[in-house]
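The values are calculated or read from the model by the stated rules, or taken from the named source; none is laboratory data. All of these numbers come straight from a predicted model, not from anything done at the bench. Virtual Cβ from ideal backbone geometry, glycine too; neighbours counted across all protein chains shown. Surface areas here come from the heavy atoms of the whole protein model, side chains and all, with no ligands, DNA or RNA. Shrake-Rupley method; radii C 1.70, N 1.55, O 1.52, S 1.80 Å.
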Amino acid sequence: MLNRRNFLQLGSLGAATIFSNKLFAANAKPVRPIVISTWNEGINANRRAWEILRTGGRALDAVEAGVMVTEASQNCCVGLGANPDRDGIVTLDACIMDERGNCGSVGALERIKHPISVARRVMEKTPHVMLVGDGAQKFAVAEGFPLEPQQLSPDAEKAYKEWLKKSEYKPLINIENSGHGPFAPTRFDNGEWNHDTIGMIAMDAQGNLSGSCTTSGMGFKMRGRLGDSPIIGAGLYVDNEVGAATATGMGEEVIRICGTHLVVEFMRQGLSPEAACKKAVERIVKKDAARAKANQVGFIAINKQGQYGGYCLQKGFTFAVCHADDKNFIVNGKHLF
Ligand code: SD4
């Protein structure tokens with residue numbers, strides 16, 4: 001649970017060590033097991049993941065079960081209740097990766113409540129890494145996943161009708177809007193969600209790493225558009241020798257730099273999770289500073305020592321960290337602009 005004192009303690013710890021060398025991490029003292037996930041809604045997802053980690057469970061099971069909470073939440077921007085594409089259809093993307101480098105992914109999946117679990121089945125039951133569209137849905141149904149009704153949630157329907165008035169694809173900079181309650185992912189005044197994704201990475205008591213990432217993608221995207229979230233190396237990457245990273249924000253920017261793979265490779269070179277995330281964010285800026293200024297991207301990472309960190313382009317990115325029964329708290333991501 002978020003505890004204000006813990007949060008403040010973390011803040012002062014961060015302030016005390018902020019100017020230290022490149023090995024600086026937000027938590028100077030490594031912890032294990034640990035789970036971290038993107039945005040405020042990560043608090044609820046972490047809580048579920050932690051039930052598995054605290055009893056010695058596997059990181060892979062924790063990151064699947066954790067993000068399923070978010071996928072099922074009606075009050076959230078991830079899953080079937082989220083905003084549709086510009087044709088009015090909700091399409092979901094997800095991927096998962098374990099400590100052995102096994103991975104599975106689904107893209108543009110319709111009418112399935114838990115894309116993350118379908119991604120896991122792709123990983124465990126097929127010779128492939130990625131299934132998309134109709135084929136992914138057929139596979140899910142064959143695996144026993146129920147086909148949900150094709151209908152928008154009341155909130156999404158309202159937002160879509162509003163969007164249709166101009167039919168203009170103008171992604172907003174993803175931020176956490178804290179004005180609407182402590183952990184609630186909320187909509188902007190124009191009805192748009194403030195973000196659409198949860199990415200989660202964990203290390204279990206055995207020291208093994210896994211990660212998951214699941215999203216409805218950018219609201220009102222072109223039909224068929226895939227972002228970074230289902231792409232291994234972009235929205236999620238795990239290397240059990242080094243660390244794990246996941247991303248949120250404008251997927252196109254993350255894909256262009258193979259974002260999470262880059263973060264893990266920076267950690268391999270000796271950078272702390274936070275420093276590695278920062279360097280990846282800087283790479284986005286180096287490619288096109290004007291474009292970067294108009295967008296949001298946030299990375300979070302943990303390393304094999306159980307240190308964590310995050311970094312983003314714009315103010316307003318948060319992530320949730322859990323490493324004890326009474327330590328599940330929000331961290332404000334440091335930002336470049
Ligand atoms: C995408 N990265 O589809 C996702 C969107 C996201 O918060 O993270 N929104 O590009």
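I'd like to check which strands (runs of 3 or more DSSP E) are fully inside the stretch 77-172 and have at least 1 residues that are more than 30 Å from V242 (Cα to Cα) and under 20 Å from the mean Cα position of the chain (by Cα).
Counting at least 1 such residues, we get 103-109.
Among the numbered conditions (1) modelled with pLDDT under 95; (2) out of contact with any Phe, Trp or Tyr (no Cβ under 6 Å at 6 or more places or on another chain); (3) under 23 Å from V264 (Cβ atoms); (4) hydroxyl-bearing (S, T, Y), the only one that T17 does not meet is (2).
Among the residues that make up the stretch 280-303, is at least one of them open to solvent by 30 Å² or more (accessible area, probe 1.4 Å) and touching a strand residue (DSSP E or B) at 6+ places or on another chain (Cβ under 8 Å)? No, every residue in the stretch 280-303 fails to be open to solvent by 30 Å² or more (accessible area, probe 1.4 Å) and touching a strand residue (DSSP E or B) at 6+ places or on another chain (Cβ under 8 Å). Just one residue in the set P84, P33 is at pLDDT 95 or above and open to solvent by less than 40 Å² (accessible area, probe 1.4 Å); that residue is P33.
A count restricted to the stretch 96-149 and to residues that are in contact (Cβ under 8 Å) with a residue 40 or more places away in the chain and of a type in the set (S, T, Y) stands at 2. When we screen F299, F266 for residues that are in contact with a helix residue (DSSP H, G or I) (Cβ under 9 Å, 6 or more places away or on another chain), on the phi < 0 side of the Ramachandran plot and more than 16 Å from the ligand (Cβ to nearest atom), the only hit is F266. Restricted to the stretch 63-80, and to residues that are within 15 Å of the ligand (Cβ to nearest atom) and open to solvent by less than 10 Å² (accessible area, probe 1.4 Å), which residue is modelled with the highest pLDDT? Checking each candidate, the answer is V67.
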